[in-house]
1. Is there a pair in 164/309; 31/309; 31/90; 164/292 whose C-alpha atoms are over 30 Å apart, and which pairs would that be?
2. Are there DSSP H segments in the chain that both extend 15 Å or more along their axis (alpha-carbon positions) and score a mean Kyte-Doolittle hydropathy of at least -0.5? List them, or say none.
3. Around residue 172, with a cut-off of 12 angstrom between Cβ atoms, what is the net charge of the other residues, counting Lys and Arg +1 and Asp and Glu -1?
4. Quick one, which of (1) 18.9; (2) 22.2; (3) 25.0 is the actual mean projected area of the Cα convex hull in nm² calculated for this model?
5. From the helices alone, meaning DSSP H stretches of at least four residues, give me the mean residue ellipticity at 222 nm for the chain, per-run term -39500 (n - 2.57), in deg cm²/dmol to the nearest 500.
6. Explain nothing, just the number: relative contact order of the chain, from Cα pairs under 8 Å at least 6 residues apart, as a whole percent.
7. Once R0 is set to 30 Å, what does the formula 1/(1 + (r/R0)^6) return for the Cβ-Cβ distance between residue 138 and residue 289, expressed as a FRET efficiency to the nearest 0.05?
8. How many nm is it between the label spots at residue 183 and residue 38, if each spot is 7 Å from the Cα in line with the beta carbon?
Amino acid sequence: MSSDARPHVLMMGPYPAWDLEPLERAYQLHKVWEATDREAFIQAHAQDIRGIATRGELGANADLIGKLPKLEVISIYGVGTDAVDLAAAKARGIRVTNTPDVLTGDVADIAVGLTLAIARRIPAADAYVRSGAWASANMGLVTRVYGKKIGIVGFGRIGTTVAKRFSGFDVEIGYFDVAARADSPHRFFQDATELAAWCDILVVTLAGGPSTHKMINAEVLGALGPEGYVVNVSRGSTMDETALLEALEGRTIAGAGLDVFWNEPRIDPRFMGLDTVVLQPHHASGTVETRKAMGQLVRDNLAAHFAGKPLLTPVV
């Protein structure tokens, strides 16, 4: 019998080396992504697994949870919980944690960056200079951001931080959420379509999950109109991507800045042919500083659980 008392933890996908190395010292790790036969691998270790370390997009579904009889905790590297079956976890008394707050600032920064990039056509301007076209003629005019009306769909941690970032741009800010916030000076809208009709730029910061599935639909995009822009830094599931592509191809909206997609990373190829979109590879939190903080929080939550201490950022 092994004398190694380290808890067994199932890892759903790779982490950076600065996280993986301390995890390997603290736990007996079982790396799913390295297995040639995933199901056989999970079955072989199922009786030992007490924790799961996963990522927001990989999650842990009810089928996986059901196969691990000794599972106690799921620690998510990311803020999104929509890929974890929270009901299945709760039914078993399995704790779930994520990494909120530490990525909020970076996601808000990218929301502003994508807004500037699409309205001011920064990628197109870069390509214009590199191609030598500037030597023959000046580039066409673009759209300003300051002075515009910014609508934010979802006014939680990230949405409120996006509002703070934009407050320096001399803009009007409105928002839609399940209820008005007493601590916000900004205008509240009870309907996303009404907000879209009011604003010039619609920024989506919704949480994922069934309640927000395709909330940004053809009606909302139609209300935004041919001079309106949409920026999505939430989840691909919050956008009706068919409606978005039709709006972009038909130029019934002016453009989009997108960090997330429905079938990422194998996104719809029609996006590649559009000059009215700026595309990001779901990288809003992709800074060294934030990723290190996220990994630390994953490790701290696991350590707290196995030490019998309160979790730092519990979801369930």
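1. Numbers: 164/309 35 Å; 31/309 26 Å; 31/90 24 Å; 164/292 24 Å.
Among 164/309; 31/309; 31/90; 164/292, the Cα-Cα distance tops 30 Å for 164/309.
2. Working: long enough: 104-119 (23 Å, 1.44); 288-306 (27 Å, -0.27).
Helices meeting the span and hydropathy rule in the chain are 104-119, 288-306.
3. On the way: positive: 148, 149, 187; negative: 170, 200.
So the surrounding residues net to +1.
4. (1)
5. Working: 11 runs with 108 residues, N = 316.
The per-residue figure over the chain is -10000 deg cm²/dmol.
6. Numbers: 586 pairs, mean separation 52.3, N = 316.
So the answer I get is 17 percent.
7. Numbers: r = 38 Å, r/R0 = 1.27.
Working from the Cβ atoms, E equals 0.20.
8. Computed distance between label sites residue 183 and residue 38 equals 4.0 nm.
Values quoted throughout were computed directly from the atomic coordinates according to the rules given, and no laboratory measurement underlies them. Computed from a predicted structure; not experimentally measured. Glycine gets a Cβ as well: all are built from the backbone with ideal geometry, and neighbour counts include every protein chain shown.
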